[in-house]
Amino acid sequence: MSTETLKVPAAAPSVAPPHPIREFWNYFSANRGAVAGLVVIVLVLLCALFAPLIAPHEPNLTNNAVFLKPPFWQEGGSLSYPLGTDAIGRDILSRLLYGARLSLVIGIAVVALAIVVGIVLGLIAGYFKGIADIAIMRLMDILMTMPSLLLAIVIVAILGPGLMNAMLAVAIVVLPHYVRITRAAVIAETSKDYVIAAKVSGAQTVRVMFSEILPNCAAPLIVQATLGVSTAILDAAALGFLGLGAQPPTPEWGTMLADAREFVLRAWWVVTFPGLAILITVLAFNLLGDGLRDALDPKLKR
């Protein structure tokens, strides 16, 4: 009687999990709109950084001989002023490039201020609950009852027109979003085992809040911060357009639109190019925020 040899199948080779950065990029790059937004933001950032090298003229330099000169492809245009000039002979391309600097600084500074204050208030409200939670959240509810632009106008009207006051007003307007997101994330994390273990081991409250809970709340805050930059740029431009933000002759996109209102019908370029700059930049940040949300939110991963 022949005995058959039992063949044991070879164990399948173990596959190492992908690196977190590679995994994030795989999810992020699947969203073509987000990649396009990232490319546009990088280009805007490079234009802002190298504005003194790229700009053909100083942003506030006037020339009496070239009032309302059209772009170079129109009759009467010149390559010396590729996108034309405004009503007092300033080069629009140069002002757009320097305006990119200002708009990015406004967006980043507003979001940085709002996210720092929002994280602190959200951590306090979500961790301690009780009276602190009620007081903070009712204040945020009051701020959210008014339209954001109207509230910003009221704050600037109280503080006085100017770029710094406009940035502060926009930061106050967007603050409730960061407080609510942080609070919700903290409430969801405080009941988990690692937080309970940290408390049992004797970790101080500040350490539990900032070292244990906060890092696990970072994903929604990163997404909201990216979207918040676009909101800050748009609101600051609106305040500049109303004369409450950056003051002339500062090359800020909203201020450029305000200066060009009376020339809309006879010099389309003085309004079109600043408007396109705001539109493209805000859209790019929104697309980037959507891509980050898809890549960082586990519920959206397939």
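Overview of results
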{"item": "Mean Cβ neighbour count within 10 Å, used as a protection proxy, ranking 92-98, 152-158 highest first", "result": "92-98, 152-158"}
{"item": "Efficiency of FRET from Cβ geometry, VAL35 and GLU75, R₀ 41 Å, rounded to 0.05", "result": "0.60"}
{"item": "ALA188-VAL42 FRET efficiency (beta carbon distance; Förster radius 41 Å; 0.05 resolution)", "result": "0.75"}
{"item": "For PHE210, solvent-accessible area (1.4 Å; no DNA, RNA or ligand), Å²", "result": "90"}
{"item": "Charge tally in the Cβ shell below 12 Å around SER78, where Lys, Arg are +1 and Asp, Glu are -1, SER78 excluded", "result": "-1"}
{"item": "Separation of the LYS129 and VAL200 label points, Cα + 7 Å toward Cβ, nm", "result": "2.0"}
{"item": "Relative contact order (percent, whole number), the chain, Cα cutoff 8 Å, 6+ residue spacing", "result": "24"}
{"item": "Under 18 Å from the Cα of LYS192 - aspartates and glutamates, other chains or at least 8 residues apart", "result": "GLU212"}
{"item": "For GLY162, residues with placed amide H under 5 Å, excluding near neighbours", "result": "GLY245"}
{"item": "Ratio Rg/Rh [Cα only; Rh per Kirkwood] for the range 20-59", "result": "1.25"}
{"item": "For the range 218-224, 3J(HN,Hα) per residue [Karplus equation, 6.51 cos²θ - 1.76 cosθ + 1.60, θ = phi - 60°, Hz, x = Gly/Pro]", "result": "6, 4, x, 5, 5, 4, 5"}
{"item": "LEU265/LEU139 FRET efficiency (R0 30 Å; Cβ-Cβ; nearest 0.05)", "result": "0.05"}
{"item": "For the range 176-188, Karplus couplings with θ = phi - 60° (6.51, -1.76, 1.60), whole Hz, Gly/Pro x", "result": "x, 5, 6, 5, 5, 5, 5, 4, 4, 5, 5, 4, 5"}
{"item": "For the chain, diffusion coefficient by Stokes-Einstein and Kirkwood Rh (Cα), 4 °C, 1.567 mPa s, µm²/s", "result": "58"}
{"item": "DSSP loop GluC sites (Glu not before Pro) with at most 16 other Cβ within 10 Å: longest gap in the chain", "result": "76-302"}
{"item": "Amide H within-cut-off set for ASN63, under 5 Å, with H built and near neighbours excluded", "result": "GLY89, ARG90"}
{"item": "Whole-Å semi-axes of the ellipsoid equivalent to the range 116-167 (Cα gyration tensor, √5λ, descending)", "result": "27, 13, 8"}
{"item": "Estimated [θ] at 222 nm from DSSP helical runs (n ≥ 4, -39500 (n - 2.57)) normalised by residues in the chain, nearest 500", "result": "-21500 deg cm²/dmol"}
{"item": "Inverse of mean 1/r across different Cα pairs in the range 131-210, Kirkwood, Å", "result": "15.0"}
{"item": "Accessible area (Å², per residue) of the chain, counting only protein heavy atoms and a probe of 1.4 Å", "result": "55"}
{"item": "Table column - 3J(HN,Hα) (Hz), the range 142-149, Karplus curve with 6.51, -1.76, 1.60, x for Gly and Pro", "result": "5, 5, 7, 6, 9, x, 4, 5"}
{"item": "Amide N of the range 100-139 lying under 19 Å from the label point, which is placed 7 angstrom from the Cα of LEU149 along Cα→Cβ", "result": "103, 107"}
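The values are calculated or read from the model by the stated rules, or taken from the named source; none is laboratory data. What you see is a predicted model; the values in this text were computed from it and never measured. Here Cβ is always computed from backbone atoms with ideal geometry, including for glycine, and neighbour counts include all displayed protein chains. We work out accessible area using only protein heavy atoms, side chains counted, and drop any ligands, DNA or RNA first. Shrake-Rupley method; radii C 1.70, N 1.55, O 1.52, S 1.80 Å.
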